[in-house]
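To start, the structure under review is shown below, and the notes come after it.
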Amino acid sequence: MKQLVFRQTKLVFSRHNSYELHISTECSKIRVRVIWKRMMRMNGWPLSEVIRFVIQSFWKNPIIIIFMLITPLLLLFLSSTILQEEAYEPTIGVEEISERMQASLLQQDVNVEQITTAKALNKLSAGQLDAFFTVENQGGFLMLEGSKPHANYNTDLALNKMYVNLMYDDHAFDSLYIHGTSQNNWYDYIGPGLIAFFTFAFTLICSAMLFSRQIQTYEFHLNGTRFITVYFLLFSILSLIQSAMLLSYSIYQLDMYFAGSFWGALLTAWLIGLVAISLGMVVAAFTRTFFQFGFTIFLILLSQFYFSGILPSENVAWMNRVGLFMPVSYSVEGLRDIIIRNEQFIQISTYGLILIIFIAINLRLVGYKLRKQANVAP
């Protein structure tokens, strides 16, 4: 009977790389047994062995379980922390307003500071004050710092409520914006942050992937320093083109508010692109497996997005402290200072210097790793 079965059995290799077992209808019972037996064996392994092998793989790589189970929870926590934070409490400087007005503002959780007009102008220009309000003969006068839409909205809302509570006319005050206009929206505030993040993210991914292939195929006929220098300089040209395209598209096509120097903004965006190039080289040099490579890139991008101030998080102090170690945060603040607050690059040179330090550290790490790996003298 077994001989009959195997004579009438034919294995056909399908285009899906799987074997289809064809048995005559006369041996239907034995056909079920054969199919079940083949299901219990995968490439010569019993099904129990396959299950045990997969479970052991999970046990030997706990980072996979952590990545799958813990990372989504962490992302939900960070998102809720930013989106559900307490309402922003603006700091308003006041001069020559009644005690009733001041008490009404304090009841709305507004930080009130008695200040003269001259000092208020200095603090508004430095970003240390959200607004300045005073009462004149014709009515109230409000000066807004203007670069933060959430601060502008909460300030305007608090003053309107104050006038309503005191039974004055609604909107009985004039407004003046130091930076921006009343037409500024959320994209005008978040846009510079998105430019910095997208420049960093895509440059990091491309730099890491290409450098990973280069160090696998390059035989180091040149010394390590020359190889790193040439790669970094050539990739920096592509990063400069990318930064110019992102800025131009945001300004001229998406109509993002822009009050500063285009060249200053371009230089700031280019610096974060250079940081991404050098950091991508570090990732490619220090990771050994594809999973390590992908996980490191994923972790870097998420941390930069949540902790770099792209979304407003002034009320979350611990996130602001973590952001001090994120290079994208310095590019975000620098771009906002230039694009919205009309500052020159020399005024944000501290941010540029910090980004250059990040670049130098990354390149030093890559050089050390390649010299150690290939035993090439500097």
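None of the figures in this text is laboratory data; all of them are computed from the coordinates on show. It should be emphasised that the depicted structure is a prediction, and the values quoted were computed from it without experimental measurement. Please note: Cβ atoms are built from the backbone with ideal geometry, for glycine as well, and neighbour counts cover all protein chains shown.
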* Using a Förster distance of 25 angstrom, determine the FRET efficiency expected from the C-beta separation of SER48 and MET68, and round it to 0.05. => 0.55
* **Size of segment 186-374 as Cα extents on the principal axes (Å, biggest first)** => 49, 33, 28
* Ranked packing of 52-58, 298-304, 278-284, 98-104, most packed first, by mean Cβ within 10 Å -> 278-284, 298-304, 98-104, 52-58
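Work out the FRET efficiency for GLN253 and LEU76 from their Cβ-Cβ distance, taking R0 = 51 Å, and round it to the nearest 0.05. Don't skip to the answer; put the middle values down first.
On the way: r = 34 Å, r/R0 = 0.66.
Plugging the Cβ-Cβ distance into 1/(1 + (r/R0)^6) gives 0.90.
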* To do: Using the Kirkwood radius over Cα pairs, work out the Stokes-Einstein diffusion coefficient for segment 202-309 at 4 °C and 1.567 mPa s, in µm²/s as a whole number.
  => 84 µm²/s
* Structure fact -> Residue span ASN111 to LYS60: 0.36 nm per residue of separation minus Cα-Cα distance leaves a gain in nm of 12.9 nm
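Compute the length gained on full extension between ARG226 and HIS150: take 0.36 nm times their separation in residues and subtract their Cα-Cα distance, giving the result in nm to one decimal. Show your work: numbers first, answer last.
Numbers: separation 76, 0.36 × 76 = 27.36 nm, distance 4.89 nm.
The span from ARG226 to HIS150 would gain 22.5 nm if fully extended.
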* **Mean projected area in nm² (Cα convex hull; one quarter of hull surface) for segment 91-177** => 5.0 nm²
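Please compute the contact order of segment 234-378 in relative form: average sequence separation of alpha-carbon pairs under 8 Å and at least six residues apart, divided by the residue count, as a percent. Show your work: numbers first, answer last.
Numbers: 139 pairs, mean separation 47.5, N = 145.
Relative contact order comes out at 33 percent.
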* Starting from the eigenvalues of the Cα gyration tensor, five times each then square-rooted, give me the equivalent ellipsoid semi-axes of segment 281-336, largest first, whole Å. => 26, 12, 8
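Sorted from fewest to most neighbouring beta carbons within 10 Å, what does the list ASP255, ASP130 look like?
Working: ASP255 10, ASP130 25.
With the sparsest Cβ surroundings first, the list reads ASP255, ASP130.
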